[in-house]
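The next block holds one structure in the form of structure tokens; read it before the comments.
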Amino acid sequence: MTALSLNLQSIVDLTDEQFYQLCQNNNNLRFERTATGELIILPPVGGETSNRNGKLTQQLFNWTDSDGTGIAFDSSGGFKLPNGSDRSPDAAWVTLERWNTLTPEQKIRFAPLCPDFVVELLSPSDSLKDTQSKMREYRDNGARLGWLINRKSRQVEIYRLGKEVEVLDSPDKVAGEMVLPGFILNLEAIW
């Protein structure tokens, strides 16, 4: 099953509040919305991808707990990007400094910012082209570091703010660089 995209603009232009309520009223579904208002219904992933994503977020959360400089998010966390899109990366991280500028209401809803760090773990139902486009969108909206992990090809595409994409073939690990100093993702648990 692949993601389903709906263009409802000729019928309704959902406000941020309406989109939020749509997500809350259908919490068994996962939605994203593009900057042009296209509604994307994301299918659930299979057991293997879910397990690998759990291992990925576990490593990020463990590092975040010990580091203490930011907040980590799993795939259910929504972000309102500066370009107007609503996205939910498979894993994300935001500095405490940026997180603490948000109001309590903003922290409860889809955070109105682009994470400093994002990860997308390509599942069999994901389009590589669409996911690469989403990664560029994160980078163009301020993500300082992003990883697109493609288990099938055993590649990691690294997206950095203001730089070209770097592709690593079959790495054992990948480092958080200056964005997440000291964070090393063990990819053996992901492959």
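If you go through segment 122-171 and keep only what is acidic (Asp, Glu), in contact (Cβ under 8 Å) with a residue 60 or more places away in the chain and surrounded by fewer than 16 Cβ atoms within 10 Å (Cβ to Cβ), you end up with just Asp130. Considering only segment 37-45, I want to know if a residue exists there that is surrounded by 15 or more Cβ atoms within 10 Å (Cβ to Cβ), assigned to a loop (DSSP other than H, G, I, E, B) and either on the phi > 0 side of the Ramachandran plot or not basic (Lys, Arg) (or both). Yes. Which one of the conditions (1) under 11 Å from the mean Cα position of the chain (by Cα); (2) surrounded by 18 or more Cβ atoms within 10 Å (Cβ to Cβ) does Ser76 fail to meet, given that it meets all the rest? Exception for Ser76: condition (2). Which residue is farthest from Ile184 (Cα to Cα), if the candidates are limited to segment 46-58 and must be modelled with pLDDT of 85 or more and surrounded by fewer than 18 Cβ atoms within 10 Å (Cβ to Cβ)? Only one residue tops the list, namely Gly47.
The values are calculated or read from the model by the stated rules, or taken from the named source; none is laboratory data. This one's a predicted model, so the numbers in the text were calculated from it and none came from an experiment. Neighbour counts are summed over all protein chains in view; Cβ atoms, including those assigned to glycine, are modelled from backbone coordinates with ideal geometry.
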